[in-house]
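None of the figures in this text is laboratory data; all of them are computed from the coordinates on show. Keep in mind that what you see is a predicted model, and the values were worked out from it rather than measured. Cβ placement follows ideal geometry from the backbone for every residue including glycine, while neighbour counts extend to all protein chains displayed.
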């Protein structure tokens, strides 16, 4: 069923009266963790995706600008056929509905991830750090993201308070590790739900509008320690080591494998803490409770990393002894029996 609201009425007016398209069918195309909505429309001759981004809550300008940037870097992003930035509508190429997550198995992961590595390598090597016009993943942004975990997950979902000195120690450690890494173009959500399986030039890459210039390990850990699917740690280490060699051979990094692993682990910890906070916010503020099911997997990544770094032992103890028991109670109160 198509939602009947002022936005869809305005969308159809733009499509049919301004673009002169004959709409044969329209249906919701995907859910999103933002205020954006996507619809798949069919005309007599073609099929498209329409992005609905309410201007009061979303801005289509970064999407359009970064789409052009990534296309120049030979990353396959949806072509923009038409745009109405004033109303917040874009007419996009349809990449279909098969994302990596839908098809990932032990038999398919090798080929799919190799294509993802190749696309990521183009993103990192062909996008100019100096001339991209992208904002930097700076200290302030890193701290703001970590606050999401403290506020929405610990404070609002669990009603817990972390000792101030402990949280400052963890935050400062993660931010410092991120800032000391070489900088590249960072997609910021490079994972199995945003990589689409295509017949040609796969993967199609979506949800890139928040791209920044930032740490070299960010997108790699997003892919390999995906919030939506987990792989054996030995396999993750193998993929990480191979990609390290590729970056090293290209001259993007000069660090040791051990240093790269530390960067990778701590970058993943920062990202996963942020993601847990966002999943909590989606449930509490936006009524999108399905994301709560991804918190245990993501929290497990956090605790596994903490176990390997003595300076995070106190934080790991706090998670194990105080966070996990309360989280189980909260999950039981939300999840139907």
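Using only DSSP helix segments of four residues or longer, with each worth -39500 (n - 2.57), what per-residue ellipticity at 222 nm results for the chain after dividing by its residue count and rounding to 500?
Computed ellipticity for the chain at 222 nm equals -14000 deg cm²/dmol.
Which whole-number percent is the relative contact order of the stretch 120-195 (Cα, under 8 Å, 6+ apart)? Walk me through the numbers on the way to the answer.
Values: 26 pairs, mean separation 40.2, N = 76.
Here the relative contact order equals 53 percent.
Multiply the residue gap between residue 35 and residue 179 by 0.36 nm, knock off their C-alpha separation, and tell me the result in nm, one decimal place.
Length difference between fully extended and current span is 48.8 nm.
Hey, what angle do you get for helix 233-249 against the long axis of the chain, alpha-carbon based, 0 to 90 degrees rounded to 10?
80 degrees
Over the stretch 188-262, calculate the relative contact order: mean separation of alpha carbon pairs under 8 Å at least 6 apart, over the residue count, as a percent.
Numbers: 53 pairs, mean separation 19.2, N = 75.
In percent, rounded to a whole number, it is 26.
What is the spin-label model distance, in nm, from residue 125 to residue 7 if the labels are put 7 Å beyond Cα along the C-beta direction?
Inter-label distance under the simple model: 4.0 nm.
With an 8 Å cut-off on Cα pairs and a minimum separation of 6 or more residues, tell me the relative contact order of the chain in percent.
Dividing the mean separation by the residue count of the chain yields 15 percent.
As an exercise, use a Förster radius of 30 Å and the Cβ-Cβ distance of residue 320 and residue 285 to find the FRET efficiency, rounded to the nearest 0.05. Write down the numbers at each step before the final one.
On the way: r = 28 Å, r/R0 = 0.92.
The calculated FRET efficiency here is 0.60.
Where does helix 164-179 land angle-wise versus the long Cα axis of the chain, in degrees 0 to 90, nearest 10?
Approximately 60 degrees, to the nearest 10.
If you wrap a convex hull around the Cα atoms of the stretch 65-175, how much volume per residue is inside, in Å³?
Dividing the Cα hull volume of the stretch 65-175 by its residue count gives 214 Å³.
Using the scaling law 2.2 N^0.38 Å as the reference, what is the normalised Cα Rg of the stretch 185-337?
1.14
Rounding to the nearest 10 and keeping the result within 0 to 90°, find how far the Cα-based axis of helix 109-126 lies from the longest principal axis of the chain.
Long axis of 109-126 versus the principal axis of the chain: about 90 degrees.
Taking only the alpha-carbon positions of the chain and ignoring solvent, what does the Debye formula give for the base-10 log of I(q)/I(0) at q = 0.07, 0.10, 0.14 Å⁻¹?
Summing over Cα pairs of the chain leads to -0.31, -0.64, -1.22.
For residue 160 and residue 172, compute 0.36 nm times the residue count separating them, minus their Cα-Cα distance, and round to one decimal in nm.
Roughly 2.3 nm would be gained on extension.
Report the residues of the stretch 205-233 in range of a label on residue 297: point 7 Å along Cα→C-beta, backbone N strictly under 16 Å from it.
221-233
Run the numbers for residue 249 and residue 309: contour at 0.36 nm per residue of separation, minus the present Cα-Cα distance, in nm.
Details: separation 60, 0.36 × 60 = 21.60 nm, distance 2.83 nm.
Between residue 249 and residue 309, full extension yields an extra 18.8 nm.
7 Å from Cα along Cα→Cβ at both residue 210 and residue 151: what's the point-to-point distance in nm?
1.3 nm
For the stretch 6-78 and the stretch 159-198, compute the distance between their C-alpha centroids and round to whole Å.
Cα centroid of the stretch 6-78 versus Cα centroid of the stretch 159-198: 29 Å apart.
Over the alpha-carbon set of the stretch 6-93, work out the extent along each principal axis and list the three values in angstrom, largest first.
35, 31, 24
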